[in-house]
Amino acid sequence: MSVVSSKHYINLGGSEMIVYRATPDDVTSGVRVGKAFRFTVEAADEAAARAEVDDMCRRFLTNPVIEDATISVAAGAPA
Amino acid sequence: MAAVVGVVVFPGSNCELDVVEAVGALGGEGRLLWHGDTSLGGVDAVVLPGGFAHGDYLRPGAIARFSPIMAAVGEHAAAGGPLVGICNGFQVLTEAGLLPGALQKNAGLKFLCRPERLRVEAGDTALSTGVDVGTELTIPINHFEGNYTCEPETLAELRGDDRIVFRYVDNPNGSVDDIAGICSAGRNVVGLMPHPERASHALLGSTDGLPLLRSLLVTAGALTG
């Protein structure tokens, strides 16, 4: 990503705008904007960990009426 | 004895004092309740007011539903007690599972703050008892996430059981079926995006919210006999 114009960044008045130009890499890899929540789950096994995360997704992290959650398990770094 | 309406204050609530004032003007007693308490203190009815509880972090209502007082609010509703969620309060009720569906961002992706015309679509609820079906009311809205949505089966159920309490005359936010407010199967829990307490005095430009708040007092009084 590259910033097209820094002149449009107006902070004091309370309004903010930055214009970006997507580089070729971004066009193929996509850009994602959002919040990330990082937490550690301690569970006896993968199934238990999945169940716990699924419960958190349904009750808190997402609203199942308007949002979908997918859970994927990746090999973690050693503790 | 006057019916007592408890108004729950979350960090970021607004118009809670307006509700207390309007309830008092109608002959009831409004009492503020703190979200961190675990008891409702014996009130006859509960209002979850508007605002931005917990800053609307994550999603509006997502954190407030875990406030300590919400367990007592749920028990009050399960026992048939009148419970009304206004604006952010409606969002809290859907997040808590006390009303079905969800409120997503307005279709126009703009915050809306203006008087809006509503039609009363169902009677015999905590907020529409004694109000004629078909009555048109002008009551302010003040929200970004007021676009009601739900599963098709839920919508069919709401329609079939006459649980759509208010519809917008000119849908401002993209709500499915022009829904502005709904009620629970027991009709004692009502959620709506417009703010009746902001239309409770001639000085505010409209008194159209008063019949709704009077209904709340009537149902609260009926409960205590």
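Listing for the model above:
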quantity: Residue mean of other protein chain beta carbons inside 10 Å, A:62-69; calculated: 5
quantity: Order by protection proxy (mean Cβ within 10 Å, highest first), peptides B:66-72, B:14-20; calculated: B:14-20, B:66-72
quantity: Top positive-direction residue, dipole computed over chain B with Cβ charges, set B:Ser13, B:Ala45, B:Ala96; calculated: B:Ser13
quantity: Residue with peak Gaussian network fluctuation, chain B [Cα springs, cutoff 10 Å], from B:Val73, B:Val189, B:Val176; calculated: B:Val176
quantity: Percent RCO, i.e. relative contact order, over region B:50-204, from Cα pairs under 8 Å lying at least 6 residues apart; calculated: 27
quantity: Mean Kyte hydropathy of 0.5 or more with a Cα span along the axis of at least 18 Å, helices from DSSP in chain B; calculated: B:210-224
quantity: Gaussian network model of chain B, Cα within-10 Å springs - most flexible of B:Arg198, B:Arg59, B:Arg163; calculated: B:Arg59
quantity: Other protein chain Cβ atoms within 10 Å, averaged over every residue that makes up B:67-74; calculated: 0
quantity: Relative contact order of region B:47-122, pairs being alpha-carbon contacts under 8 Å that are 6 or more residues apart, as %; calculated: 33
quantity: Residue-averaged [θ]222 nm for chain B, counting only DSSP H segments that reach four residues, each worth -39500 (n - 2.57); calculated: -6500 deg cm²/dmol
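All of the numbers you see were taken from the coordinates with simple rules; none came from a lab. Bear in mind that the values here come from a model prediction, so they are computed numbers and not experimental data. Ideal geometry is used to build each Cβ from the backbone, glycine not excepted, and the neighbour counts take in all protein chains shown.
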